[in-house]
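Okay, structure first, notes after.
The values are calculated or read from the model by the stated rules, or taken from the named source; none is laboratory data. Model, not experiment: these values are computed from the prediction. Heads up, the Cβs are rebuilt from the backbone with ideal geometry, glycines too, and the neighbour counts pull from every protein chain shown.
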Amino acid sequence: MERERNKKIRKYFAGYLVFLILFSFFMYILAGYETEINRQRILLLMTEHPELEAEIIAAWERPGRLPFGRNEAGSRKELLESSRMAELIEEKYGYDIGHLISERTWLGFWGAGVCIGTVWAVILGCLEQKRSAGDRDKLRKVYECLGQFREGKFEGIPESESDTEDCPEEWMKIWESLRELGVYFEGLKERLKEEENSTKALITDISHQLKTPLASLRMCHELAVGEQQTEEERKEFREQEEKEIEKLESLLKELVNLSRLETHMIQLKPGTGSIKKTITAAVSQIYMKAKEKDIRLQADIAEDQEICHDARWTEEALVNVFDNAVKYSGEHTVVTVRVKPLVTYVMIEIEDEGIGIGKDELQKIYQRFYRGKDASKMSEEGAGVGLYLTRMILERQGGSISAKQKRGNGTVFRITLPRAQFSH
Amino acid sequence: MKTDISKILVVEDLVKCYGTGENMVRAVDHTSLEIERGKFTAIVGRSGSGKSTLLHLIGGLDRPDAGKVRIEGKDIFALKDERLAEFRRKKIGFVFQDYNLIPSLNVWENIVLPLGLDNRKVRRQDVEEVLVKIGLADKAEAMPNVLSGGQKQRTAIARALITRPALILADEPTGNLDSQTELEVISLMKSCVTDFGQTLVMITHDEMIAQMADRVIEITDGKVVND
């Protein structure tokens, strides 16, 4: 730091010296030129007026002083006389004798120039020193900040406003950018941590989910191969085993979907397509289940909408909602789906006449592996993955889902999907 | 000053009372909460529970009797009124129940108003993008009095979004709208906030809206009772 400062001072001094030399040289040349011109003029004067030669030479040789003056005491009078003389000469010959005296003033000029130069240089130097000190201070802070970034600490960005009260806009922008960078890095860090945690939680949850069906499968299997049982009992257990395997398979499928979506192994690829087609595909997946319970599926789609969505995964999301509607509804009921275009969204409403969702549970149904109290009683099937997946799929496409307990019995699910996707 | 960047908003022991003596009402009673960046938080509670007062304090529209509000680490009530107003315009977008549009300005002018207040440059492209996103591309020249409630609120949302504030505060933004428009407006706000990485704090009494939030805070008698 100190060396750099000395270097700067030296640079300043050198600059000043150069100025001094150049200025002096310039003044010298100018003075020389002026003297030369004066000499020429005097010569000219003398050739024109040889009778005044003595006076002119006297004036030339003692410029500034009286040509005829002798002692100091009479200087005032002499000065007056001299100026009168000068006026006389001027009057007589149209020539300003004042010029002759001017030689002395060159020194004054030079002095003044050097003085001004010195003062100017000092002021500039001080200002520069002050500014660079301030800049250095800020630069050091920026450097410290970057150092913190390197160490993985992104919180320590100085307050922009208080530190930069009277700061030029460029510095403000640098602070702002640093802040944004910090926020961005911190966000990345957070997300990484969150992802790691959620992956851990996912693994725990999945293994937990798999334990129970696997245990019952093992039990069935052991009973089926047991020696005490009759042939008929064995057959029964085999059938039970078959069912358990099916359940496990469907659970596994759900879990695979879940973990793939959750860990972003599957990216949704929205493309323009008919929402009616997607809904129809979803309905056809649960059609058989509904028929078994004699549940009527009713569609109220005013006009088909071409919207931007990932057909395969949106279908999956809708199937989960339809599946719930059928699963938790009694026989001979109706499940209705309505599609209504909003301004920038399409609303899909799925209404059932089932057991409904308690008010205190409405917030929780989208949590992973959450199962409603009534739902658990009603059906053993299901791992509490469906709505969680549905919400994730919809939200990743800029959509949403919310449920409402219907007056009387049943639930209404409202799904929105944007008509067009925006990329940022 | 070191700040925790992941918490965009920190409320510390906030108190606000109205009236004096016997009639004193503690609208906000020693409330503390933290809100994470990039999340959608719903504040629910009965009317008169102090949730609107809380939101006004968070947004620096009103000064508390005690306590602090930090936005991005900055203690907003340490600022003088003028600086606070400037800070508010830069960092916070407001959406109110009654839209608060300027009746003599058209949709476009209403949207760019906050930019003009800070002498910021209006980028045509930005405004058009927001207009398309909120579905008002063909209404840019319309005056507020010819707009429907939903259109008015969407204009207000665009106005709150145009400055790209880090924090958006909404006080019952769909209180005056029918349920379908409501759904649309909330979906819009939610997706805008996700797209722009903003943080949304919304007061609502509607369960369906609260379900769409990442977090629900319940306020009763000026206190956080459920989180």
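Within region A:147-165, the set of residues being under 16 Å from the mean Cα position of the chain (by Cα) and either more than 13 Å from chain B (Cβ to nearest Cβ) or modelled with pLDDT under 80 (or both) comprises A:154, A:155, A:157, A:160. Within region B:184-195, the presence of at least one residue that is in a helix (DSSP H, G or I), closer than 19 Å to residue B:37 by Cα and acidic (Asp, Glu) is confirmed. Scanning region A:166-196 for residues that are more than 9 Å from chain B (Cβ to nearest Cβ), among the aliphatic types (A, V, I, L, M) and over 23 Å from residue A:262 (Cβ atoms) turns up A:172, A:174, A:178, A:181. Among residues of region A:352-380 being of a type in the set (Lys, Arg) and closer than 20 Å to residue A:201 by Cα, the one that is farthest from the other protein chains (Cβ to nearest Cβ) is A:371. Residues in region B:1-31 that are modelled with pLDDT under 80 and among the charged types (D, E, K, R): B:2, B:4.
For residue B:78, state whether it is touching a strand residue (DSSP E or B) at 6+ places or on another chain (Cβ under 8 Å) and not acidic (Asp, Glu). Against the criterion (touching a strand residue (DSSP E or B) at 6+ places or on another chain (Cβ under 8 Å) and not acidic (Asp, Glu)), residue B:78 does not qualify. For region A:363-412, the set of residues classified as within 23 Å of residue B:188 (Cβ to Cβ), touching a Leu at 6+ places or on another chain (Cβ under 9 Å) and assigned to a strand (DSSP E or B) consists of A:400, A:401, A:402, A:403, A:404, listed by residue number. The residues in region B:76-110 that are assigned to a helix (DSSP H, G or I), free of Cβ contacts under 8 Å to residues at least 40 places away in the same chain and not β-branched (Val, Ile, Thr) can be counted, and the count is 12. Just to be sure I understand the filter: pairs with C-beta atoms under 8 Å, separated by 6 or more residues or on different chains, first member in region A:29-42 and β-branched (Val, Ile, Thr), second member surrounded by 11 or more Cβ atoms within 10 Å (Cβ to Cβ). Which pairs pass? Close Cβ pairs (under 8 Å, with a partner that is surrounded by 11 or more Cβ atoms within 10 Å (Cβ to Cβ)) amount to A:35/A:103; A:42/A:56; A:42/A:60; A:42/A:100. Of the listed requirements (1) of a type outside the set (Gly, Ala, Ser); (2) buried (at least 18 other Cβ atoms within 10 Å of the Cβ); (3) touching a helix residue (DSSP H, G or I) at 6+ places or on another chain (Cβ under 8 Å), residue A:343 misses just one: (2). Tell me whether region B:58-73 contains one or more residues that are surrounded by 14 or more Cβ atoms within 10 Å (Cβ to Cβ) and at pLDDT below 85. Yes, because at least one residue in region B:58-73 is surrounded by 14 or more Cβ atoms within 10 Å (Cβ to Cβ) and at pLDDT below 85. Does at least one position in region B:58-72 carry a residue that is closer than 27 Å to residue B:192 by Cβ, assigned to a helix (DSSP H, G or I) and more than 14 Å from every other protein chain (Cβ to nearest Cβ)? Looking for residues that are closer than 27 Å to residue B:192 by Cβ, assigned to a helix (DSSP H, G or I) and more than 14 Å from every other protein chain (Cβ to nearest Cβ), one finds at least one in region B:58-72, hence yes. Taken together, the residues in region B:134-146 that are in contact with a helix residue (DSSP H, G or I) (Cβ under 7 Å, 6 or more places away or on another chain) and either within 12 Å of chain A (Cβ to nearest Cβ) or among the basic types (Lys, Arg) (or both) amount to 5. Flag: residue B:89 matches the condition of being more than 30 Å from residue A:152 (Cβ to Cβ) and more than 11 Å from chain A (Cβ to nearest Cβ). Given the criterion hydroxyl-bearing (Ser, Thr, Tyr), surrounded by 23 or more Cβ atoms within 10 Å (Cβ to Cβ), more than 10 Å from chain B (Cβ to nearest Cβ) and under 23 Å from residue A:257 (Cα atoms), identify the matching residue among A:390, A:416. After ruling out the rest, the residue left standing is A:390.
When B:178, B:171, B:195 are screened for being more than 11 Å from the chain's Cα centre (by Cα), farther than 22 Å from residue A:403 by Cβ and acidic (Asp, Glu), only B:195 passes. Considering region B:121-147, the residues that are surrounded by fewer than 20 Cβ atoms within 10 Å (Cβ to Cβ), in contact (Cβ under 8 Å) with a residue 12 or more places away in the chain and among the small types (Gly, Ala, Ser) include one that is nearest to residue A:308 (Cα to Cα), namely B:140.
If you check B:164, B:154, B:120 for being part of a loop (DSSP other than H, G, I, E, B) and within 12 Å of chain A (Cβ to nearest Cβ), only one passes: B:164. Against the list (1) out of contact with any Asp or Glu (no Cβ under 6 Å at 6 or more places or on another chain); (2) β-branched (Val, Ile, Thr); (3) touching a residue at least 40 places away in the same chain (Cβ under 8 Å), the condition residue A:412 fails is (1). Considering every residue within region B:167-175, establish whether at least one is surrounded by 20 or more Cβ atoms within 10 Å (Cβ to Cβ), out of contact with any strand residue (DSSP E or B) (no Cβ under 8 Å at 6 or more places or on another chain), in a loop (DSSP other than H, G, I, E, B) and not aliphatic (A, V, I, L, M). Scanning region B:167-175 turns up no residue that is surrounded by 20 or more Cβ atoms within 10 Å (Cβ to Cβ), out of contact with any strand residue (DSSP E or B) (no Cβ under 8 Å at 6 or more places or on another chain), in a loop (DSSP other than H, G, I, E, B) and not aliphatic (A, V, I, L, M). Within region A:245-257, the only residue that satisfies the criterion of being within 14 Å of residue A:218 (Cβ to Cβ) and at pLDDT below 85 is A:247. For region B:196-221, the set of residues classified as within 11 Å of chain A (Cβ to nearest Cβ), surrounded by 19 or more Cβ atoms within 10 Å (Cβ to Cβ) and either polar (S, T, N, Q) or part of a helix (DSSP H, G or I) (or both) consists of B:208, B:209, B:210, B:211, B:212, listed by residue number.
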